[in-house]
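Here's the structure we're looking at; comments come further down.
Each value in this text was obtained by applying a stated rule to the coordinates, not by laboratory testing. Note that the structure is predicted; figures quoted are calculated from it, not measured. Ideal geometry is used to build each Cβ from the backbone, glycine not excepted, and the neighbour counts take in all protein chains shown.
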Amino acid sequence: MKKQIMDLRVTLSERVGAQCTLLKAKPVEGHLPECKPGQFAQLRVDDSGTFLRRPISIHDVEGDEISFLVQEVGKGTHWLCSLKEGDILNVVLPLGNGFTIKTQGTPLLIGGGVGVAPLLFLGKRLKEQGVKPTFLLGARTKAQLVRLDAFREVGEVLITTEDGSEGERGFVTQHSQLSMFNGRQCSIVYTCGPMPMMKAVAKMAREKGIECEASLENRMACGVGACLCCVEELADGHNHCVCTDGPVFSTAELKIDN
Ligand SMILES: Cc1cc2nc3c(=O)[nH]c(=O)nc-3n(C[C@H](O)[C@H](O)[C@H](O)COP(=O)(O)OP(=O)(O)OC[C@H]3O[C@@H](n4cnc5c(N)ncnc54)[C@H](O)[C@@H]3O)c2cc1C
Ligand code: FES
């Protein structure tokens, strides 16, 4: 898939949850290039004190409308979360690889915090292939759980919060229904979220003999393999660019035991 640089016009900017904004946008001219779940875009931000774009996962694609779920953590994401309907957003996309779409068995999609972002697009594509996904979504507290209705339209949604304000109390890997998932009926676990969560998920999947893919969110600058600021040392002992070799990796390739 050839990456493109294009102007999008914002069609929706809606605050969701305590810290996130759902942005929807359409190309000012032409069409969106084909995008795969797990790929990301580099979004240009103005007034951020830096010329660097910000990497944001593709949250959803419907026809020529693309969605991003942005959590405000600094100047760049503040600028993105301040966009209004009709504003122009310049993007480079699609970037990186994507998740492997497996159509046998039941896939389990585990997200933490804003790491849930790429899982909606992935769940929709899986459903289109006739597979019913189960989402296991975790957050510190209820206010950080976002887009639950959208996830529920696609599959079953299980929830954990660290303070017990919604769903089961604890971490995603402690959810009681995980005992139902084993290597026979669960084809694959997909995960995105904080690194400690993804490592715990990867270990759980390994113990159950289930294949697992994780989407890494290393700090990035260029997003196209030129600056090497996103490298991750993999189990093979070599450094790999997360922006071009990832962001999705099989957890068998990752160092998950340290
Ligand atoms: C492939 C990829 C996909 C991503 N998808 C999303 C998404 O869908 N939605 C979303 O809200 N965010 C996503 N992120 C994270 C997002 O890119 C950063 O939060 C953003 O670049 C921060 O920019 P800023 O100027 O607001 O904050 P900065 O001023 O640059 O940083 C503010 C704080 O955020 C932390 N931070 C910055 N970048 C990251 C990062 N990559 N991971 C963890 N902490 C970071 C910094 O350490 C600092 O504490 C993704 C990152 C990657 C690499
Ligand atoms: S962000 Fe520049 S090489 Fe990956």
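Looking at the structure I just gave you, is Leu216 closer than 26 Å to Gln4 by Cα and touching a helix residue (DSSP H, G or I) at 6+ places or on another chain (Cβ under 7 Å)?
yes
Please find, within the stretch 167-183, the residue that is farthest from ligand 1 (Cβ to nearest atom) out of those that are assigned to a loop (DSSP other than H, G, I, E, B) and free of Cβ contacts under 8 Å to residues at least 40 places away in the same chain.
Asn182
Report the residue count in the stretch 199-258 for those that are within 12 Å of ligand 1 (Cβ to nearest atom) and hydroxyl-bearing (Ser, Thr, Tyr).
Here the count works out to 2.
Looking at Pro33 and the list (1) surrounded by fewer than 21 Cβ atoms within 10 Å (Cβ to Cβ); (2) farther than 28 Å from Ile188 by Cα; (3) in contact with a Lys or Arg (Cβ under 9 Å, 6 or more places away or on another chain), which single condition is not satisfied?
The number of the failed condition is (2).
Restricting to the stretch 202-249, name every residue that is more than 16 Å from ligand 2 (Cβ to nearest atom), loosely packed, with under 14 Cβ neighbours inside 10 Å and part of a strand (DSSP E or B).
Selection gives nothing.
Please give the number of the condition Glu153 fails out of (1) in contact with a strand residue (DSSP E or B) (Cβ under 9 Å, 6 or more places away or on another chain); (2) surrounded by fewer than 15 Cβ atoms within 10 Å (Cβ to Cβ).
Glu153 satisfies every listed condition except (1).
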